[in-house]
Amino acid sequence: TGSANKLDDYEEGTWTPTLSGATTNPTPTAVAVTNADYTKIGNTVFIRAYIVVTLSNVGSGGAEIEGLPFAVKVGTYAPALFTHGSLIQSSGGYFSSGTTRIIAIATNDTAAINFAGTGTRYLMITGQYETTA
């Protein structure tokens, strides 16, 4: 209960995930985001989101999810988990150091992966990362 152990930084809120490509951005024609929220305790941020999107173009250069509520601490890389993933056919990616984005990677690999295709697609995201904010 000493001052060194006092919890003095707790925050809850929402965030707006946006889709981007490392080279060119995809073209969404309809986007529905639910449960895009976060909890920040100290320097640790817990996020989750459910995205339903209709794409007319998948873009290029690897799939990215932008708009994290806080920048990822420089020098750290933490895993982000994907499920219900017809938008990105992978089990996850990583929170990119010094940015507000998640980089999607192929399952059991470190190579970037593109969005899966056009049409209506789904993605659930969850994870936690460190920030300096």
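For an R0 of 41 angstrom, estimate the FRET efficiency from the Cβ-Cβ distance between TYR77 and SER56 and round to the nearest 0.05.
About 0.80, to the nearest 0.05.
How many angstrom separate the Cα center of the stretch 88-133 from the Cα center of the stretch 27-67?
9 Å
Only Cα pairs under 8 Å and at least 6 apart count here; give the relative contact order of the chain as a rounded whole percent.
So the answer I get is 28 percent.
What are the ³J(HN,Hα) values, in whole Hz, obtained from phi via the Karplus relation 6.51 cos²θ - 1.76 cosθ + 1.60 with θ = phi - 60°, for each residue of the stretch 80-95 in sequence order, with x given for Gly and Pro?
10, 9, 10, 9, 6, x, 8, 7, 10, 7, 7, 8, x, x, 9, 6
Taking 0.36 nm per residue of sequence separation and subtracting the Cα-Cα distance, how much length would be gained by fully extending the chain between GLU11 and SER86, in nm to one decimal?
Value of the extension gain: 23.9 nm.
So how much slack lies between ILE41 and THR99, counting 0.36 nm per residue of separation and subtracting their Cα-Cα distance, in nm?
The ILE41-THR99 span can extend by a further 19.0 nm.
Given the chain reduced to its alpha-carbon atoms as identical point scatterers, what log10 I(q)/I(0) does the Debye formula return at q = 0.14, 0.18, 0.20 Å⁻¹?
For the requested q values the scattering log ratios are -0.59, -0.93, -1.12.
Using a 1.4 angstrom probe with every protein chain in place, what is the largest-first accessible-area order of ASP109, ASP8, ASP37?
ASP8, ASP109, ASP37
How would you rank 117-124, 82-89, 29-36, highest first, on the average number of other Cβ atoms within 10 Å across their residues?
Answer by packing, highest mean first, reads 82-89, 117-124, 29-36.
Mind ranking 90-99, 67-76 by how tightly packed they are, going by the mean number of other C-beta atoms within 10 angstrom, highest first?
Ranked by mean Cβ neighbours within 10 Å, highest first: 90-99, 67-76.
Please list the radius of gyration and Dmax for the stretch 42-100, considering alpha-carbon atoms only, with Å as the unit.
Gyration radius and largest Cα-Cα distance of the stretch 42-100: 12.6, 40 Å.
What percent does the relative contact order of the stretch 46-100 come to when contacts are Cα pairs within less than 8 Å and at least six residues apart?
It comes to 36 percent, rounded to a whole number.
Counting Lys +1, Arg +1, Asp -1, Glu -1, what net charge surrounds GLU12 among other residues with beta carbon under 9 Å of its beta carbon?
-1
PRE reach from THR18 (point 7 Å along Cα→Cβ): which of the stretch 89-106 fall under 13 Å by backbone N?
Inside the label zone: 100-101.
Counting alpha carbon pairs within less than 8 Å and at least 6 residues apart, what relative contact order, in whole percent, applies to the stretch 86-125?
It comes to 44 percent, rounded to a whole number.
What shape does the stretch 16-64 have by the C-alpha gyration tensor, where a ≥ b ≥ c are the square roots of the eigenvalues, rounded means a/c under 1.5, and otherwise prolate means a/b greater than b/c and oblate the rest?
oblate
Using the Karplus curve 6.51 cos²θ - 1.76 cosθ + 1.60 with θ = phi - 60°, work out ³J(HN,Hα) for each residue of the stretch 117-133 in order, rounded to whole Hz, and write x for Gly and Pro.
Per-residue couplings from phi come out as x, 7, x, 7, 9, 10, 7, 10, 10, 8, x, 9, 8, 9, 9, 9, 6 Hz.
The values are calculated or read from the model by the stated rules, or taken from the named source; none is laboratory data. All of these numbers come straight from a predicted model, not from anything done at the bench. Cβ sites come from the backbone with ideal geometry, for glycine too, and all protein chains shown count toward neighbours. Remember, those area values only see protein heavy atoms, side chains included, never the ligands or the DNA or RNA. Shrake-Rupley method; radii C 1.70, N 1.55, O 1.52, S 1.80 Å.
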